[in-house]
Amino acid sequence: MVCFLPRYPTCLYATKKFISILLPSPMQVNCHWRSTTIRERRASRFRVTSICRLSKIPNIVAVKMPLPPDDDYAGELSAIRATTSSAFRVGYSGDWGGAASLLAGGDTWNSVVAGLQPAETVALTRAAHALDVEMVKQIDTAFEPLWTLFKEFGSFRVMYVIAELLDLCRAKPSVAYTAPAR
């Protein structure tokens, strides 16, 4: 389920509660905080408060977070874990932050590149879970050129171009976009 955070917390909670009743299987809430109008100084407190409340809905078992603006994964994870159950899982999207988020204690890395390079992303994840910092750095460094493209053009656009260049498919994204220079 994708959560484009409404302007008011009660709207967010009511929407998720309604969906959880309709879909009673375990689910992850995908949060896209940057799509909101919440000011940055209030966003962190608002995120933690909203996640805490959502985690109380029985079948919401995880949250996928955007990368924290200040790269403070440990601080954000600590704040979230202080208000949720130990069974509640927290993961991050934004491939270039996958290594750092896992090393800081994130449970999952929601990776777009894993679809094309599963062995490398699994290796990075396993190394991070084993706290093998040197191996994580080595794998993450190999990904750096791709992370640079993702940051400049967006991972969605870059992955479509890569899939086309590898002759995997000729599909176009379902939303309008400007293709990055090849």
Handout entry: Restricting segment 81-96 to residues that are over 17 Å from Ile139 (Cα atoms) and touching a helix residue (DSSP H, G or I) at 6+ places or on another chain (Cβ under 6 Å), the residue that is surrounded by the most Cβ atoms within 10 Å (Cβ to Cβ)
Key = Tyr92
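This table checks each residue for (1) modelled with pLDDT of 95 or more; (2) of a type in the set (D, E, K, R).
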site	(1), (2)
Asp95	no, yes
Ala128	yes, no
Glu134	yes, yes
Ile139	yes, no
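Yes/no per residue for (1) under 21 Å from Leu77 (Cα atoms); (2) in contact with a Gly (Cβ under 8 Å, 6 or more places away or on another chain):
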| position | (1), (2) |
| --- | --- |
| Gly97 | yes, no |
| Ala100 | yes, no |
| Ala104 | yes, no |
| Val113 | no, no |
| Thr121 | no, yes |
| Leu131 | yes, no |
Problem - Where Tyr177 falls short, out of the listed (1) in a loop (DSSP other than H, G, I, E, B); (2) at pLDDT 95 or above - result: (2)
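Quickly run through segment 116-157 and pick out the residues that are part of a loop (DSSP other than H, G, I, E, B) and either of a type in the set (D, E, K, R) or in contact with a His (Cβ under 7 Å, 6 or more places away or on another chain) (or both). Quick ask: steps written out before the conclusion?
Kept after step one, since they are part of a loop (DSSP other than H, G, I, E, B), are these residues of segment 116-157: 116-117, 130-132, 154.
Within segment 116-157, Asp132 is the sole residue that qualifies.
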Practice task
Considering only segment 82-106, state which residues are farther than 18 Å from Asp71 by Cβ and charged (D, E, K, R).
Solution key: Arg89
Practice task
Considering (1) modelled with pLDDT of 90 or more; (2) surrounded by 18 or more Cβ atoms within 10 Å (Cβ to Cβ); (3) assigned to a helix (DSSP H, G or I), say which one Tyr160 fails and leave the rest.
Solution key: (1)
Practice task
Hey, could you check segment 97-115 for residues that are surrounded by fewer than 19 Cβ atoms within 10 Å (Cβ to Cβ) and in a helix (DSSP H, G or I) and say which is nearest to the chain's Cα centre (by Cα)?
Solution key: Ala114
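Output the residue which, of all residues in segment 62-80 that are among the aliphatic types (A, V, I, L, M) and more than 20 Å from Val136 (Cβ to Cβ), is surrounded by the most Cβ atoms within 10 Å (Cβ to Cβ). Please lay out each step first, then the result.
Filtering segment 62-80 for residues among the aliphatic types (A, V, I, L, M) gives 62-63, 65, 67, 74, 77, 79-80.
Subset that is more than 20 Å from Val136 (Cβ to Cβ): 62-63, 79-80.
On the way: Ala62: 19, Val63: 24, Ala79: 18, Ile80: 18.
The qualifying residue surrounded by the most Cβ atoms within 10 Å (Cβ to Cβ) is Val63.
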Problem - Unique match (being buried (at least 21 other Cβ atoms within 10 Å of the Cβ), more than 24 Å from Asn59 (Cβ to Cβ) and either free of Cβ contacts under 8 Å to residues at least 40 places away in the same chain or out of contact with any helix residue (DSSP H, G or I) (no Cβ under 9 Å at 6 or more places or on another chain) (or both)) among Ala127, Ala119, Ala123 - result: Ala127
Handout entry: Selection status of Leu77, more than 30 Å from Val48 (Cα to Cα) and aliphatic (A, V, I, L, M)
Key = no
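The values are calculated or read from the model by the stated rules, or taken from the named source; none is laboratory data. Keep in mind the model is a prediction, meaning the values are calculated, not measured. Neighbour counts run over all protein chains shown; Cβ positions are idealised from the backbone, glycine included.
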